[in-house]
Amino acid sequence: MSHKILSTSFFLLLTAISVQTNSAETNANESLPIEIKADSLVSQDQKGQSVYSGRVIITQGTTVIHGDKVTIFHPNRKVIKAIVIGQPATFKRFLPEEKNWIDGRADTITYHAERRTVLLEGHAFVNQERKNSISGPEILYNLNDKTLSAKGNKTEKKRITVIFEPEKSNTTQKQSESQP
C-alpha cells in the first residue's frame, strides 16, 4: 500500500475521531506527520485492506488513538471505513479553542468515510474535560452536521448517561486552581 493511502487513511480516521474541531485546527493537524506504532502490519492492496495489530498507537499532532487492532478498508485506493478495536479502543485530542481535552473510549470505534460518521460501540464514553460527558452502549457522531446521538439497549436494560458540568465562576475557578 502506498504512503499516500496510509496518510489519507489515518488522516481521515484522526479527523473523524477528534469529534469536535474547527477548520483551522483540522488544517494544522493535517500538515503534521502521522506516526503509527504496532506489533504487526498486514497490507493487502489488491483486497483493499490493511490491518495493524498489537498495541496500536496512532499519533498526529494532539490526537492519539490506541487500539489492539486497526483495520482500514480501502478498495480501489479509496478509504471507505476504518475500525479500531480494543479493550477499550481510546482516543484523545487537545482542543485549543476550548483549552481542554476531549477523550473517549469504546470496545469498537468505526469511521465511515462516505457517511462521515464515527460510531462508538460497546461501553462507549466521550468526555470533554471540565464540560460534559456521555456514555452508553452506542454513540454516533455525524461530522457533516456535527450532531451526536446515543442509544440505550432495552434487552440488556442499559441506558445512556449524560453529565453536564456546571460552569465555575471566576472566583471558584481561581480558588480551585490555587489549591494543591
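Where a number appears in this text, it was derived from the coordinates with a stated rule and is not lab data. Quick caveat: nothing in here was measured; it's all calculated off a predicted structure. With ideal geometry, Cβ positions are generated from the backbone for all residues, glycine too; neighbour counts draw on all protein chains shown.
Here is how the numbers come out for the structure above:
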| quantity | calculated |
| --- | --- |
| Length-normalised contact order of the stretch 59-180 in % [C-alpha pairs under 8 Å, at least 6 apart] | 15 |
| GluC sites (Glu not before Pro) within the stretch 41-128, DSSP loop, no more than 12 other Cβ atoms inside 10 Å | 97, 114 |
| Length gained when the stretch residue 168-residue 76 is fully extended (0.36 nm per residue, less Cα-Cα span) | 28.0 nm |
| Those trypsin sites (Lys or Arg not before Pro) in the stretch 87-155 that DSSP places in a loop and that have at most 11 other beta carbons within 10 Å | 99, 146, 154 |
| Taking 45, 107, 39 and counting other C-beta atoms within 10 Å, the order from fewest to most | 39, 45, 107 |
| Extension gain, residue 98 back to residue 132 (0.36 nm per residue minus Cα-Cα distance, nm) | 11.0 nm |
| Over 20 Å between alpha carbons, listed pairs 92/131; 131/158; 92/146; 69/99; 81/158; 47/78 | 131/158; 69/99; 81/158 |
